[in-house]
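In what follows, a single structure is set out as structure tokens and then discussed.
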Amino acid sequence: MIANASSVGYDTRSDLLRLLLPRITTLTFSIVAVTLSVNSAKIGICADSWSVPNIVLILADDLGWADLGVQGSKYYETPSIDRLAAQGMRLTSFHNCQNCTPTRAALISGQYAPRTGVYTVGGINRFAWQTRPLRPVDNVVDLPLDKITIAQALKTAGYTTAMFGKWHIGQQGEYHPSQRGFDEAIVSMGKHFDFATSPQTEYPAGQYLADFLTDRAVDFIERHQDRPFFLYLPHFAVHTPLDAKPERIDRFRAKPSVDGHRNPTYAAMIASLDDSVGRVLAALDARKLADRTVVIFSSDNGGVGGYAREGLGKENNDITDNAPLRSGKGSLYEGGTRVPFLVRWPGVIQPGSTCDVPAIHVDVYPTLLEIAGAQPSTDYALDGESLVPLLRNAGGELKREAIYQHFPGYLGMGQDQWRTTPVGLIHAGPWKLMEFFEDGGLELYNLRDDLGETRNLATDMPEKAAELHAKLVAWRQAIGAPMPTPNPGDMQSAAKAKVGKKAKAKAGRQP
């Protein structure tokens, strides 16, 4: 307690202020310290948030592994993304899920699908599983609210956070990204022109969605250049409907197709995506932020292509081609899950380097935490491993033995055709084992020698298959992965009969 000023000889307010200021300052810092301690107890907070880099995560939608110039395409034009790769590292064996929602859930939560319940898009009745031997595990469509998102973790670590684009793991109320750790969030997906946003946001008539999202991203960078930020830019491009700016389409009309890359509208969409990356990089350069910003570029799943070689659908279902990878989006062969993954981290990553260590979506969360100098919560499970050791040394190794996928459902493609049936997989070093749950069939591939998964070695190498299968089963048990259940025979027969009648009726209407 401070006595009355006059009683202790302080005759002016300035004298009193000089007495109080050190004590006020000490009290203020004490309050701040206590506040930070309370707020960071759950996640952990970086001691010096000004010394950590900004983080920009750009996610394309349905962009295939081979759909970039730096990934080998001779048709698509991606100079900005290629330049990003030249300035950073390509992880050539990075995997996401077979379609978009489960990938986003894994990236944002840091957890494999058995922990979130998010395995696919929509409910299990999206495809006619009733004609198959198994009933799928019920699917969760909104990321559960008990999950600590990467945005919440980074926000607690002192970052300003923003998300502009496709969220797809809960659009309404408490599930909206603005309620999941993002200081700013605008959601949009479904259309590339005349699009809706949540919250409703004005934009010029005729604006392309990729440009709108990039405008918001650049504006965010300009307004938050004086403190660490996390910018998540998940584009809706290059997802269908195929729609692009006419002048961009015209540029590719006369260009000859190469290796299954031939669609001028799709190429124009990729070009707009590349423009977005270029504008974000330019914004960082203009504000001298490039040297202290980690930029990551990837895609949520494999490209929409490779189906014709699998005997699926019609040839025009192949918008692109994922060769040399097998199959495409919706499959757990490499064409459905292996995606581009590029990282630029100036002063840390060797420019132009590549790393072929198997990595997966759940690794992104712990990687960003380590980049931010933040500690994960001790009571929140993270399934991945930080990739920072690989980013520092492309020849490095991780502690774990394998990565996993678990898909207890069906993804169809036309009548009685399936991009995948229920399946689980383990990927350890060059080896990949797939277990198909309908009949217990095993497929074993050496991806180092057979990237296209053309030679099933399960019969030739039964000991290796048994070793990997035992590890896959042990992982499922450890994580509590639910399995599909038998489909009652009467339901299956009735469903097949119903489908058969519809097919005959449709055939009878043909001229």
Could you check how much of the accessible area of the chain is carbon and sulfur, as a whole percent, using a 1.4 Å probe? 53
Please calculate how many Å² of accessible area the chain carries per residue, with a 1.4 Å probe and no DNA, RNA or ligand atoms counted. 43
Between their Cα atoms, which of K191/K432; K74/K166; K329/K464 are more than 32 Å away from each other? K191/K432
Ordered by residue, what ³J(HN,Hα) values in Hz, to whole numbers, does segment 358-363 give under the Karplus form 6.51 cos²θ - 1.76 cosθ + 1.60, where θ = phi - 60° and Gly and Pro are x? x, 9, 8, 3, 5, 6
Count the DSSP beta bridges whose two residues both fall in the chain, then state the antiparallel fraction as a percent rounded to the nearest 5. 55
Relative contact order as a percentage, segment 254-324, C-alpha pairs under 8 Å and 6+ apart, gives 33
For G412, other-chain or 5+-apart residues with amide H closer than 5 Å (H placed, Pro excluded) are R419
Output the 0 to 90 degree angle, nearest 10, between the alpha-carbon long axis of helix 100-109 and the longest principal axis computed from the alpha carbons of the chain. 30
Work out the FRET efficiency for Q200 and D291 from their Cβ-Cβ distance, taking R0 = 51 Å, and round it to the nearest 0.05. 0.85
Beta carbons within 10 angstrom, averaged per residue: use that to sort the peptides 199-206, 181-188, highest first. 181-188, 199-206
Taking the square root of 5 times each eigenvalue of the Cα gyration tensor, what semi-axes in Å does the equivalent ellipsoid of the chain have, largest first? 45, 27, 23
For the chain, what does -39500 (n - 2.57) per DSSP helix run (n ≥ 4), summed and divided by total residues, give at 222 nm, in deg cm²/dmol to the nearest 500? -9500 deg cm²/dmol
Give the distance, in whole Å, between the Cα centre of segment 307-373 and the Cα centre of segment 160-227. 24
By average Cβ neighbour count within 10 Å, what is the ranking of 77-83, 228-234 from highest down? 228-234, 77-83
So between Q350 and Q207, what do we pick up on full extension, going 0.36 nm a residue minus the alpha carbon distance? 47.7 nm
Non-local residues with an amide H under 5 Å from the amide H of A458, with H modelled 1.01 Å from N and Pro and chain starts lacking one, are L444
Normalised radius of gyration for segment 173-302, please: alpha carbon Rg relative to 2.2 N^0.38 Å, two decimal places. 1.15
Using modelled backbone amide H atoms (1.01 Å from N, in-plane), which distant-in-sequence or interchain residues come within less than 5 Å of N487's amide H? L134, R135
To the nearest 10 degrees, the tilt of helix 209-223 (Cα long axis) against the first principal axis of the alpha carbons of the chain is 20
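Local charge sum around F164 (other residues, Cβ-Cβ under 15 Å, Lys/Arg +1, Asp/Glu -1)? Walk me through the numbers before you get to the answer.
Numbers: positive: R104, K166, R180, R216, R223, R279; negative: D61, D183, E184, E202, D211, D215, D219, E222.
Once positives and negatives cancel, what remains is -2.
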What angle, in degrees between 0 and 90 and rounded to the nearest 10, separates the Cα long axis of helix 13-40 from the longest principal axis of the Cα atoms of the chain? 20
Candidate aspartates and glutamates - alpha carbon under 16 Å from K314, same-chain residues fewer than 8 apart omitted: D416
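Got the relative contact order for the chain handy, in percent, Cα pairs under 8 Å and 6 or more residues apart?
Contact order relative to length: 22 percent.
The values are calculated or read from the model by the stated rules, or taken from the named source; none is laboratory data. What you see is a predicted model, and the numbers here were worked out from it, not measured in a lab. Note that we place each Cβ from the backbone using ideal geometry, even for glycine, and neighbour counts take in every protein chain shown. Just so you know, the surface numbers come from the protein's heavy atoms only, side chains and all, with ligands and any DNA or RNA stripped out. Shrake-Rupley method; radii C 1.70, N 1.55, O 1.52, S 1.80 Å.
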